[in-house]
1. Run the label-point distances for residue A:144 please: 7 Å along Cα to Cβ, every other copy, nanometres, shortest first.
2. Cut-off 10 angstrom, C-alpha nodes, Gaussian network model of chain A. Which of A:33, A:192, A:257 fluctuates the most?
3. Counting only Cα atoms, I'd like the Rg/Rh figure for chain A, Kirkwood definition for Rh.
4. So how compact is the protein assembly as shown: Cα radius of gyration and Dmax in angstrom?
5. Using Cβ counts within 10 Å as a stand-in for footprinting exposure, how do A:263, A:35 rank, fewest first?
6. If you fit an axis through the alpha-carbon atoms of helix B:83-94 and take the longest principal axis of the Cα set of chain B, what angle between them do you get, 0 to 90°, nearest 10?
7. Decide, for the stretch B:63-103, between rounded, prolate and oblate: order the square roots of the alpha carbon gyration tensor eigenvalues as a ≥ b ≥ c, take rounded if a/c falls under 1.5, and otherwise choose prolate if a/b is larger than b/c, else oblate.
8. Any idea what diffusion coefficient the stretch B:57-147 gets from Stokes-Einstein, in µm²/s, Kirkwood Rh on alpha carbon pairs, 25 °C, 0.890 mPa s?
C-alpha cells in the first residue's frame with residue numbers, strides 16, 4: 001500500500017497551467033566556456049530572469065491563485081525580508097488581491113521599496129525582540145488575511161517545481177539536476193517534477209557549508225536544527241528544514257553537496273564576466289558546486305537551477321572590492 | 001546622378017549570410033520596469049551576449065571571411081586593447097587562420113589572457129613612446145599579415161550592421177534606433193541597415209560628453225579632432241571619427257546625443273539590478289541616454305543597441321563602491 005505524496009507531478013502540471021502567460025518561461029542558457037570548464041554539457045535554468053527576479057513568484061502565484069474570491073477580497077499576508085515578499089506582493093496584485101508583508105524594521109530600503117512598488121502594505125517588527133511567526137499569525141487572524149508561507153505549502157512547492165518542468169520539457173534527458181536548497185521548497189518541487197518525468201535523474205541539492213541543515217537532516221533521517229548560519233547566501237540561511245519539504249526531499253533528493261562562500265563568489269564572478277548575467281549568492285550555489293568540482297562524478301548532461309538574481313550593485317561591489 | 005555608398009543594405013545582408021551559425025543571433029530583451037521608467041516600448045538588442053562579449057565579432061568575422069586562402073594562411077593582424085582584439089583573435093581561429101594582436105605593454109592581464117585564450121600571438125608596445133599604427137603597419141608588412149582595422153573598413157561596418165538587421169527583422173517597425181558611438185563603425189553599419197529597411201526611422205548616436213568628436217564633426221560638417229577623452233566608457237574614447245565612418249554617418253545619422261559618466265553608471269546599475277544583465281560602460285551609453293531623458297521627444301517604439309558586456313567584477317566594484 002502506498003500513500004499519495006503531498007505534491008505530485010500532476011500538481012506541478014496544474015501549477016504550470018496557472019502560471020502560463022503570467023510567470024516568465026525563463027531562458028535556458030548555455031556557454032561554451034562553462035562547458036569546457038566543467039567538462040559537461042551544462043543547461044542553466046535562469047530564474048534570475050523570472051518576475052521579481054527569483055523563482056519565488058511561481059509558488060506564490062500558484063498558491064494565491066487557488067484562494068477563494070472571498071479570501072482574495074480580504075487579502076494575503078506573508079513574512080519575509082527577501083524574494084518571497086516581492087513574490088507575494090506581485091502575485092496578490094496580479095490576482096486582484098492585496099498583500100500585507102511583515103518585514104524587520106531594519107530591512108534594506110531597496111527591498112522595502114520593491115515590495116511597496118508592487119502595491120503591498122508593509123508592517124515592520126523588531127527582529128531582535130519580535131517573533132515574526134507569532135506577529136504574522138496575529139496579523140492574519142486580526143485582519144482575516146491568508147498567510148502564504150515561503151515553502152511549507154503544497155501549492156507553493158508545486159509552483160516552484162514548474163522551473164524543473166520547463167527545463168526538462170525544453171532540453172529533454174538530463175543525467176542530473178542541481179538545485180539550491182534553503183527551506184527546501186524549490187528542490188522539493190523540482191525533484192517532484194524531475195523524478196516524475198525522468199525517474200533515473202540524479203537530483204542534487206546544494207547548501208552553503210555553514211547552512212547544512214538539510215544535509216545533516218537527511219543523514220540523520222530526521223529534521224536537525226543548526227544555529228542560524230553565517231553565509232553570503234542569505235536566501236539559504238535556514239536553520240532547519242521544513243516538515244513538509246523534508247518529507248518530500250528525504251524521498252526524492254539523492255544527495256546534498258556543500259559549497260563555501262568563496263565557491264559562490266567565484267561562480268557569481270564567472271556568471272558576471274563570462275555569461276554577462278547577475279546571480280545573487282543563494283542563486284549561484286548550485287552552479288558553484290559544479291564549478292568547484294563538488295559534484296562527483298560530473299554528470300555528462302546536467303541541469304542547474306539559477307534561483308535568483310536580486311543583489312544590489314553596491315552589495316555586489318562589497319563582495320569583489322579590493 | 002548618385003554615387004553608390006561604400007556600404008549598402010545588400011552588404012549587410014551578405015554579412016548576415018556569412019555570420020549565420022557563427023555569430024550568435026543575440027536576444028532582444030524587454031522589461032516592464034524599463035518601459036515604465038522611459039514611457040516607451042523599449043527593445044534592447046543585447047550584443048553583450050555576442051561571442052567575445054561584444055558586437056565586434058560581427059565585423060571582424062565578416063572582414064576576415066573575405067580574405068583569400070593564401071592570406072588566411074599568412075595570418076591576420078590587429079591593434080587593440082579592447083573588444084576588437086578578442087574579436088579578431090576568435091574570428092581568425094574560426095576561419096582556420098592565425099592572428100597577431102598588438103597591445104600596449106600595460107594591458108590588463110585579463111584582456112591579454114582572453115586574446116591568448118583564442119590562440120592569438122600578442123606583441124606588446126609601449127603606449128607612451130610607441131606609435132601603434134606605425135608598429136602595426138610594420139609588423140603586417142614584415143610578416144605579410146592582413147591588418148583588420150576596428151572600424152575603417154566596409155566589411156567591418158557591414159558586419160556591425162547585422163545587429164540592427166536582426167533587431168528590425170525580429171521586432172519590425174521602430175520609431176528610433178539608439179546606438180553607442182566610438183569610432184563610428186557600429187552606428188554606420190546599423191544606420192545603413194536601419195535606413196535601408198525603414199527609411200523613416202530616426203537614428204540617434206550616443207557619445208560620452210567628454211568624447212563628443214562625432215557630434216562636433218557632424219555639426220561642423222567635417223571631421224573634428226578633440227583631446228583623448230577621459231570617460232569610464234573606454235570603448236568610446238575616440239579622438240576623431242574615422243574618414244569612412246564619418247562619410248556614412250553624416251548622411252545617415254539624424255542626431256548625436258551626449259551622456260555623462262553618471263548617466264552611464266545609472267544605466268549599468270539599472271541593467272544589473274532590474275534586468276540582471278551585465279553591460280560595460282560603453283555598451284550602456286545608448287540606454288543611458290534614453291533613461292536620462294536625453295532623447296527628446298521620446299520615441300514611442302525604440303530599439304537600443306547594448307554593444308558589449310566586457311567588464312571585470314573588480315572594475316565594476318570600483319564603479320559602485322561606497
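1. Here the equivalent label points are 8.9 nm apart from this one.
2. Of A:33, A:192, A:257, the most mobile in the Gaussian network model is A:33.
3. Ratio of gyration radius to Kirkwood radius for chain A: 0.95.
4. Reported Rg and Dmax, both Å: 26.3, 89.
5. By the 10 Å Cβ count, ascending, the order reads A:35, A:263.
6. 60 degrees
7. Verdict is prolate for the stretch B:63-103.
8. Roughly 192 µm²/s, to the nearest whole number.
We did not get these values from a lab; they are worked out from the coordinates using the rules stated. None of the values given here were measured: they were computed from a predicted structure. Please note: Cβ atoms are built from the backbone with ideal geometry, for glycine as well, and neighbour counts cover all protein chains shown.
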